[in-house]
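Have a look at the structure below, then the notes.
The values are calculated or read from the model by the stated rules, or taken from the named source; none is laboratory data. Computed from a predicted structure; not experimentally measured. Quick reminder, even Gly has a Cβ in these numbers, built from the backbone with ideal geometry, and neighbours come from all protein chains shown. Just the protein is used for accessible areas: all its heavy atoms, side chains included, with ligands, DNA and RNA removed. Shrake-Rupley method; radii C 1.70, N 1.55, O 1.52, S 1.80 Å.
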Amino acid sequence: MSDPDDPTLHVLEGADSSLLDLVDNLLNQGVVLTGDLILGLAGVDLIYARLSLVLCAADRVLPKEDRE
Amino acid sequence: MSGIYVYGIIGAEPNELEGEPPLRIIGNGPVRVVAADLAEPPRPEPAALTAHNATVHRLAERIAALLPARFGQWLPDERAVVDWLEAHHRDLAEALDQIAGCVQMTLRVYGASVQEDQAPDPPSTGGPGTRYLAKRRQQFERERSLPEIAPLRDALRPLLRAERIERPAVPGRLRATAYDLIAREATDDYSRIVAETAPRLAGFRITASGPWPPYAFAPRPLA
């Protein structure tokens, strides 16, 4: 990924080019049928805990150069 | 144990889907579900996330109107899926009409400091109630527009079929995100306009990504 301090535009290519967008799309948006079925049922703490796990784990999935 | 994992919502076409995982179409008529059999809900792990992402992208490339499902949409049986479809048929049909033939571009606006972004108060005319309402209106309008990068938004506007502006609950470097719905064939024009205009917006860094399946244009809340 390009230098985050570069003031010019970065048009990202490809479906998996942005971890931020991946998490934003898959966990925060899209059609919802079953609310919080996956991300925990027992309250806010559990939802946050599982989200943290996802974020940490997903960071290891992407190629090293894609991490900011 | 049975179970249905949902990848998205489609219209009347297509009638068959190939590839892995084996996909099935549930429902009849103009609003149907694309799903796979899955015995239990997927765990939120990297492999499951990337697999979901890959499947939705593959579907979106082949289907003109696909409302992508968020990760983890699992229902215990087909009856539950059909009931859900019936309950939300109207919202889903309207959303499918809107996103047909379109993709989502995601534009993020970063700025140096929050203080620089504070708009001046509206003119202090009228009584305290009038001033309060004027301030509230200013805040409301600002949350749903991007006045700080107006030249770019104006340049993109002819391409926009729809837009959603979100500002982070806690202000920081990220000022706002714009989710733009555009025709599939307009992607190159969108990127060109951003590339030409964004560097002229002093004080802001703009990133654009896409094309994405139109995640941000799924009707909500449906749950």
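Annotations
- Relative contact order (percent, whole number), chain B, Cα cutoff 8 Å, 6+ residue spacing: 24
- Dipole in debye (nearest 20) - chain B, about Cα centre, beta carbon charges: Lys, Arg +1; Asp, Glu -1: 1020
- Per residue, region B:1-115 exposes an accessible area of 45 Å² to a 1.4 Å probe, with every protein chain left in place.
- With contacts taken as Cα pairs under 8 Å at a separation of at least 6 residues, region B:102-217 carries a relative contact order of 48 percent.
- Folded to 0 to 90 degrees: helix B:78-99 orientation relative to chain B principal axis, Cα: 40
- Within chain B, the longest run free of exposed loop sites, counting GluC sites (Glu not before Pro) that sit outside DSSP helix and strand states (H, G, I, E, B) and have at most 12 other Cβ atoms within 10 Å, spans B:19-223.
- Theoretical ellipticity at 222 nm over chain B - DSSP helices of four or more residues, -39500 (n - 2.57) apiece, nearest 500: -10500 deg cm²/dmol
- Peptide ranges B:203-211, B:170-178 listed from the most packed, as the mean C-beta count within 10 angstrom indicates: B:203-211, B:170-178
- For chain B, diffusion coefficient by Stokes-Einstein and Kirkwood Rh (Cα), 20 °C, 1.002 mPa s, µm²/s: 109
- Using 0.36 nm per residue and subtracting the Cα-Cα separation, the extra length available between B:Lys135 and B:Thr50 on full extension is 26.2 nm.
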